[in-house]
């Protein structure tokens with residue numbers, strides 16, 4: 001019986017760890033560190049790249065010297081100071097005796113080994129799980145704790161409702177991350193559109209203007225296919241993207257271009273550049289090869305905001321990177337937009353746009369302002385910017401969000417509030433009964 005008990009206890013150990021409060025606190029501590037490092041590095045690499053590095057990844061490598069510079073002496077770095085300190089620390093540990101001292105010495109020995117292996121502070125890198133992995137671990141911790149630790153009784157109804165609220169919040173985060181669309185719709189007065197473009201996602205646009213007498217052929221290839229051979233039944237050629245540059249600069253002097261960096265079918269070429277902190281300022285570029293019947297007919301650069309030209313026989317094709325476009329089941333027309341500024345300054349205090357919403361069933365006029373978004377068919381339109389040219393032409397920028405889990409934070413907060421209230425009232429009733437008895 002004793003052996004069976006020990007075996008059962010060993011089998012329960014993984015579940016106890018996955019449902020433990022210690023794991024919850026460790027995940028919270030890691031999340032705080034990720035938020036701290038991500039916020040600090042946002043000033044150097046920008047908001048978008050910081051989100052990608054710390055919050056959209058499974059693992060992240062953090063260099064402490066980027067946040068805590070190593071002290072210098074007489075204008076020179078002192079890497080040997082850390083090595084000497086580590087050796088001294090190791091010597092103290094080796095000379096230490098006693099059980100308690102050994103307990104203290106183990107983490108110190110690990111610290112000394114890290115310092116010695118790194119050699120210098122600048123070479124030290126710390127691996128941490130990314131926020132995506134942390135939230136996955138949170139979900140597992142929550143579900144396992146409900147099964148292993150939770151005491152199923154009516155007295156715990158409030159806590160059960162609270163945990164349900166947390167589960168809905170995590171589910172909403174997953175749906176938002178994988179299925180939400182965000183972008184901007186820019187309209188000139190009198191103009192209309194039935195789609196918006198993404199802030200950060202790109203597509204490869206391939207166009208053949210003379211495909212037919214009535215219309216052109218336009219194909220859009222998403223970013224997810226950039227690392228594969230791009231082919232289509234309507235394309236007489238294949239595209240293979242060999243190198244993708246997050247940011248590049250245009251160079252018109254051929255003598256300064258690396259091999260095969262000239263824009264296909266155009267004058268000039270591209271040179272890789274350091275990514276800008278503001279992602280919208282980056283110029284996406286790539287080195288690609290064009291194949292016809294298995295034979296490479298072109299090798300060069302494709303960039304955004306400038307078309308590359310490919311000739312296949314008498315057919316003229318253009319390729320360029322564009323912002324990903326999202327189509328909407330209705331159309332927005334900008335009737336009028338205006339801006340108000342604070343008196344005596346050029347600082348805006350109010351934007352508003354009067355738009356016409358066109359649907360198959362009819363049209364209606366809607367006012368969108370800074371604190372009054374338009375919500376329609378799962379899309380939300382926020383007034384974000386305004387531009388006026390010297391000629392008097394004006395345009396309006398509307399931030400667009402389509403989030404299938406928009407309801408999740410509101411429902412989650414409501415359930416957590418109700419659960420805490422119910423749990424408090426149950427405890428209060430028990431206290432009052434004991435007091436009267």
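No lab work stands behind these numbers, since they all come straight from the coordinates. Bear in mind the structure is a predicted one, so any value in this text is a computation, not a measurement. Cβ atoms come from the backbone with ideal geometry, glycine included; neighbour counts cover every protein chain shown.
Data overview
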read-out	value
Length released on extending from residue 292 to residue 330, taking residue separation times 0.36 nm less the Cα-Cα span	9.7 nm
Added length on full extension, which subtracts the Cα-Cα distance from 0.36 nm per residue, residue 225 to residue 281	17.8 nm
Residues listed by number, the range 246-272, amide nitrogen under 20 Å from residue 125 label point at 7 Å toward C-beta	246
Efficiency of FRET from Cβ geometry, residue 150 and residue 346, R₀ 51 Å, rounded to 0.05	0.30
Rough spin-label spacing in nm, given labels placed 7 Å along Cα→Cβ, for residue 427 and residue 260	6.7
Two-site FRET efficiency, residue 309 against residue 232, from Cβ-Cβ distance with R₀ of 22 Å, rounded to 0.05	0.75
Net lengthening on full extension, residue 316/residue 139 (0.36 nm per residue, minus Cα-Cα)	58.5 nm
Cβ-derived FRET efficiency at R0 25 Å, residue 249 paired with residue 188, nearest 0.05	0.25
